[in-house]
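Since every read-out is calculated from the coordinates, none of them should be taken as a lab result. These numbers come from a predicted model, not from an experiment. Cβ placement follows ideal geometry from the backbone for every residue including glycine, while neighbour counts extend to all protein chains displayed.
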């Protein structure tokens, strides 16, 4: 079976968040399971592209409104990622270094989708399944089903995975000319809220859609930035498949980015050495519990609460713990975190930005990872943390609810809280400090965490079953 994944991100080619991690890992595991999976990305002028070899396998022209553009299909020559990687290069449009935030982003992603469909409709590359990821590729299910230009692709099943339903790819009806001719009676399939909504279009027109956790599937019917009614209507088409992690990349026994590698049997000594070096780097004490946050500093992640929560915890539990923050995002939140009073200096460290190596070192050296997310479709950080024996401390929402069992429950291994408030964070951090004071309990929890299986194997099998249920074979 030939499955083509379309996405705006794919680690290590181009990554902003969890979307990139998923698309960089899932196809590899599908290939190992016997599926011929490949990834199609926009061309980005970034390190991976510059350092690897690509062959030009196809070139043609496309039409975007009244303008004609040239596009090139490039294939990575050495299958470096464990699957075939294709890049769509459009001079002047898809040839830039950044992934998002260009003023002509709508034109970029529409031309990306049109080029993909033009290519497979004219070549021998027709897949058995087209798997679209998030709104950046959300028009594909409509285009293959309802446009004249791609009618020869209409029998190909389409799957849409929603990684974050808050972002939907809206644009005005004034840009409808960007799309190839279609029966205007079908225009309602594009519309939601009096504009063209790419994510809504995908949900309406795809054969099946998935979310990145079962709980997030339920939450979309309650909170999806205006699409709640749509998800209620299309519930039968949806399924929640929890994300996995790439256990070759996230492996404390082999990770070249951490200070000292360690196994389940040597977790205590290994984490102690990693923590010692990490705390030395940030001027913190290695004898106190280290609570960390890694991620985007945005409201969805609860990052706007961090500065007040950290100050309150440090005041409440005087001298009993340290905090370390790695992330970037909202300028106001960044400033608040950088400007925490000097009195917290020896108990608090912050790195504004993102550093892949530092993130690995933090996972390996931390005792607890705090995730006060308001919205968390799946969450990968808690899975990475557990892989390194770091205890997750999470708000019970989305995938965090599905992957973290509180210590108070049978088989528990993490800490969680229901009410998202400063007081709830203070209380749960107090619980973390109590756990830390019991070395034997910490050791047992760490070993439990590292023995959990959150690899892609099980999730890949669920995707394969979904594909087979749709396949024309």
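A few notes on this one:
- Under 17 Å from the residue 276 label point (7 Å along Cα→beta-carbon), backbone N, the stretch 229-261: 258-261
- Entry for the stretch 161-254 at q = 0.18 Å⁻¹: log10 I(q)/I(0) = -0.83, Debye formula applied to identical alpha-carbon scatterers, no solvent contribution.
- Contour minus Cα-Cα distance for residue 187 and residue 67 (0.36 nm per residue): 41.0 nm
- Computed on the chain, with alpha-carbon pairs under 8 angstrom and 6+ residues apart, the relative contact order is 12 percent.
- Shown is the FRET efficiency for residue 248 and residue 308, computed with R0 = 41 Å from the Cβ-Cβ distance and rounded to the nearest 0.05: 0.60.
- Taking the fewest neighbouring Cβ atoms within 10 Å as the starting point, the ordered list for 209, 323, 454 is 454, 209, 323.
- Which of 131, 146, 5 has the fewest Cβ neighbours within 10 Å, and the rest in rising order: 146, 5, 131
- With only Cα atoms counted, the stretch 267-453 has Rg and Dmax values of 14.8, 42 Å.
- Relative contact order for the stretch 267-453, counting Cα pairs under 8 Å that sit 6 or more residues apart, in percent: 23
- Length added when fully stretched, residue 52-residue 122, from 0.36 nm per residue minus Cα-Cα: 22.5 nm
- Percent antiparallel among DSSP beta bridges (both partners in the stretch 1-144, rounded to 5): 50
- For the stretch 210-367, the Stokes-Einstein estimate of translational diffusion at 25 °C and a viscosity of 0.890 mPa s comes to 137 µm²/s, using the Kirkwood hydrodynamic radius over alpha-carbon pairs.
- Exposure proxy order (Cβ contacts within 10 Å, fewest to most) of 201, 254: 254, 201
- C-alpha long axis of helix 356-365 to longest principal axis of the chain, angle in °: 40
- Here the calculated FRET efficiency for residue 423 and residue 2, from their Cβ-Cβ distance with R0 = 56 Å, stands at 0.60, rounded to the nearest 0.05.
- Estimated FRET transfer efficiency when R0 is 41 angstrom, pair residue 285-residue 465 (beta carbons, to 0.05): 0.25
- Against the chain, whose longest principal axis is taken from its Cα atoms, helix 422-436 shows a tilt of about 60°.
- Chain lengthening between residue 59 and residue 194 when straightened (0.36 nm per residue, less Cα-Cα): 45.0 nm
- Spacing of the two label points (7 Å from each Cα toward its C-beta) at residue 236 and residue 328, in nm: 4.7
- With one equal scatterer per alpha carbon and no solvent term, the Debye-computed log10 I(q)/I(0) for the chain at 0.06 1/Å reads -0.28.
- When Rg and the Kirkwood radius Rh are both evaluated on Cα atoms of the stretch 61-198, their ratio Rg/Rh stands at 0.94.
- Among beta bridges identified by DSSP and lying wholly in the chain, the antiparallel ones come to about 30 percent.
- Percent of beta bridges antiparallel (DSSP, the stretch 317-473, rounded to nearest 5): 0
- Using alpha-carbon coordinates, inclination of helix 306-316 to the longest axis of the chain, degrees: 10
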